[in-house]
Amino acid sequence: MSDSKKIDVLIIGAGPAGVAAGIGARKEGAERVVVLERDWDLGGILQQCIHPGFGLRTFKEELTGPEYMHRFIQQAYDAGVEFHTNTMVFQIDQDTNSVWTMNKERGIECLNPGAIVLTMGCRERPLGAIHIPGTRPAGIYTAGTARRFVNMEGYMPGKRAVILGSDNIGLIMARRMIWEGAEVEGVYEVRSWPGGLRQNIAQCLDDYGIPFHLKTTVTKIHGKDRLEGVTVAEVDDSMIPIKGTERFVECDTLLLAIGLIPENELSRMAGVEIHKVTGGPVVNDLLQTSNPAIFAAGNVVIVYDIVDNVSDEGLIAGVNAARYAMGKISADIKRIPVIGGENVQLFSPQYVTGETDTTIFMRVTHPIESACRVFAEPGIYSQRLRYARPGEMNEVKIKAEQIKALGELKEIMIDIQPL
């Protein structure tokens, strides 16, 4: 890849958001669209997700993760998107937006695109993030690492597992371990509510008789060379272990499913504003960051429940990055702040321009198990819900014409309240 040839849109990351961004940019008219991927293959984390359940909304049929990605990758090739694998981005210049890359065949290159789309995805929280006392023997993995071992490398991490945390990767890996002949002693969640989707609890735990313990956590790790077991204990409302509730659980494997965080080292390097709660770039409804030439989409912005939302957002980011590169987005575009109410924990985007119809994705701070209402003020949106749970995203849909009809709008407040 030569920097002498103009790049209109440069996309970093070839997962579902990045591939979709490439399609969107090409369809919008960007002449040269390049997607960089540090791995040897395209598809990102979906290459590991060999279980069914993908594509029901986008393709109206049930697919595995690799099948879902193959369809998007084929669309991207058909659209003329360029892919460069085994390519590491190690520097983004804040002043010039130059992107420095390294590849073993091409060496070090400096690229100067018209617009950049960040689609690096997310990563798992490691064991060090929770500071469990005890030794550090073999047999402790993040759930995603175990998934790669089983699904792609053909290795089983152990025969008797405990899973700490209940995000969707952990729930799916509990079932996967059972399928491969291992025992799963239980899933332990420190909060009083699940971290993953209810459908995954039903299909991955309930259907296989795997015990699920809320308000319970691992308090100690046992073992010298190999994990021998863990101590678990119930916790109080402040998540402090309750004395006298401790018990030893024998296991040779501990899988950590304690949440995902946006992969944002490059975002920080680029100098874009990072949201203090989501951990991802602050974006408007065009998915434009605080740097007008840099866009961001998918799990690098906020961690989504389903891949369809990631792909949809990638398409939007690609379209708008192409528009920016072609001079079709005004530099003085309106930025109306979105403010979260008392029951809103995470939300994106954080600004609305009024240029396009917008879906604001949001999570509640705690479960509301009775009828409730999700709304946007002043009087833009209101929808009744049967319940709202932190493990499941809610949406606020706003029409551009509604924003324009309100004239000078200082802010939009979103919240979910019991009825």
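The values are calculated or read from the model by the stated rules, or taken from the named source; none is laboratory data. The shown structure was predicted, so the numbers you read here are calculated from the model rather than taken from an experiment. A quick note on method: Cβ atoms are made from the backbone with ideal geometry, for glycine too, and the neighbour counts reach across all protein chains shown. Keep in mind that these areas ignore ligands, DNA and RNA; they rest on the heavy atoms of the full protein, side chains included. Shrake-Rupley method; radii C 1.70, N 1.55, O 1.52, S 1.80 Å.
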Filtered residue count, the stretch 212-230, keeping only those that are without any contact (Cβ under 8 Å) to a residue 60 or more places away in the chain and either hydrophobic (A, V, I, L, M, F, W, C) or assigned to a loop (DSSP other than H, G, I, E, B) (or both) = 3
query = Do you know which residues across the stretch 271-294 are in a loop (DSSP other than H, G, I, E, B) and either of a type in the set (A, V, I, L, M) or touching a helix residue (DSSP H, G or I) at 6+ places or on another chain (Cβ under 8 Å) (or both)?
reply = V272, V277, G280, V282, V283, L286, L287, T289, P292, A293
key: Scope the stretch 230-253; condition more than 31 Å from the chain's Cα centre (by Cα) and at positive phi; matching residues   = G244
ask   = Restricting the stretch 107-147 to residues that are of a type in the set (G, A, S) and under 14 Å from I12 (Cβ atoms), which is surrounded by the most Cβ atoms within 10 Å (Cβ to Cβ)?
value = A115
ask   = Only one of R373, R363, R323 is closer than 22 Å to N291 by Cβ and among the charged types (D, E, K, R); which?
value = R323
Every residue from the stretch 142-159 that is of a type in the set (F, W, Y) and in a helix (DSSP H, G or I) = F149
ask   = Got a sec? Which of I403, I316 is touching a residue at least 12 places away in the same chain (Cβ under 8 Å), among the aliphatic types (A, V, I, L, M), open to solvent by 70 Å² or more (accessible area, probe 1.4 Å) and in a helix (DSSP H, G or I)?
value = I316
ask   = Could you count how many residues in the stretch 200-228 are buried (at least 20 other Cβ atoms within 10 Å of the Cβ) and within 23 Å of I140 (Cβ to Cβ)?
value = 9
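Among the residues in the stretch 30-44, are any small (G, A, S), open to solvent by 30 Å² or more (accessible area, probe 1.4 Å) and not assigned by TED's automatic domain parsing to the domain that holds I169?
Just the residues of the stretch 30-44 that are small (G, A, S), to begin with: 30, 43-44.
Now drop any that are not open to solvent by 30 Å² or more (accessible area, probe 1.4 Å), which leaves 44.
Checking which are not assigned by TED's automatic domain parsing to the domain that holds I169 leaves us with 44.
The answer is yes; a qualifying residue exists.
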remark   = By residue number, the members of the stretch 320-355 that are closer than 19 Å to V117 by Cα, open to solvent by 30 Å² or more (accessible area, probe 1.4 Å) and assigned to a loop (DSSP other than H, G, I, E, B) are M326, G327, K328, S330, A331, I333
ask   = Which number in (1) under 19 Å from the mean Cα position of the chain (by Cα); (2) open to solvent by 60 Å² or more (accessible area, probe 1.4 Å); (3) polar (S, T, N, Q) marks the one condition that N86 misses?
value = (1)
key: Residue ID - farthest from R26 (Cα to Cα), chosen from residues in the stretch 50-66 that are out of contact with any strand residue (DSSP E or B) (no Cβ under 7 Å at 6 or more places or on another chain) and either of a type in the set (D, E, K, R) or open to solvent by less than 80 Å² (accessible area, probe 1.4 Å) (or both)   = G53
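Residue check: is G24 over 29 Å from M177 (Cβ atoms) and open to solvent by less than 60 Å² (accessible area, probe 1.4 Å)? Full working, then the answer.
Details: over 29 Å from M177 (Cβ atoms): yes; open to solvent by less than 60 Å² (accessible area, probe 1.4 Å): yes.
Criteria met by G24.
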remark   = Contact list, first residue from the stretch 191-211 and without any contact (Cβ under 8 Å) to a residue 24 or more places away in the chain and closer than 11 Å to S166 by Cβ, second anywhere and among the small types (G, A, S) and surrounded by 15 or more Cβ atoms within 10 Å (Cβ to Cβ), beta-carbon distance below 9 Å, six or more apart or interchain, is none
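Restricting to the stretch 95-106, what's the tally of residues that are open to solvent by 50 Å² or more (accessible area, probe 1.4 Å) and without any contact (Cβ under 8 Å) to a residue 24 or more places away in the chain?
Residues meeting the conditions: 6.
In the list T253, T245, which residue meets the criterion of being surrounded by fewer than 24 Cβ atoms within 10 Å (Cβ to Cβ), not assigned by TED's automatic domain parsing to the domain that holds V33 and not basic (K, R)?
Numbers: T253 fails: surrounded by fewer than 24 Cβ atoms within 10 Å (Cβ to Cβ).
The unique qualifying residue is T245.
From the set of residues in the stretch 70-82 that are of a type outside the set (V, I, T) and open to solvent by less than 30 Å² (accessible area, probe 1.4 Å), which is nearest to T142 (Cα to Cα)? Steps first, please.
Here is the first cut: in the stretch 70-82, the ones of a type outside the set (V, I, T) are 70-72, 74-80, 82.
Filter again for open to solvent by less than 30 Å² (accessible area, probe 1.4 Å), leaving 72, 76, 79.
On the way: F72: 28, A76: 32, A79: 37 Å.
Step by step, filter the stretch 70-82, then rank; the result is F72.
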ask   = If you scan the stretch 179-190, which residues turn out to be open to solvent by less than 50 Å² (accessible area, probe 1.4 Å) and more than 14 Å from G165 (Cα to Cα)?
value = A182
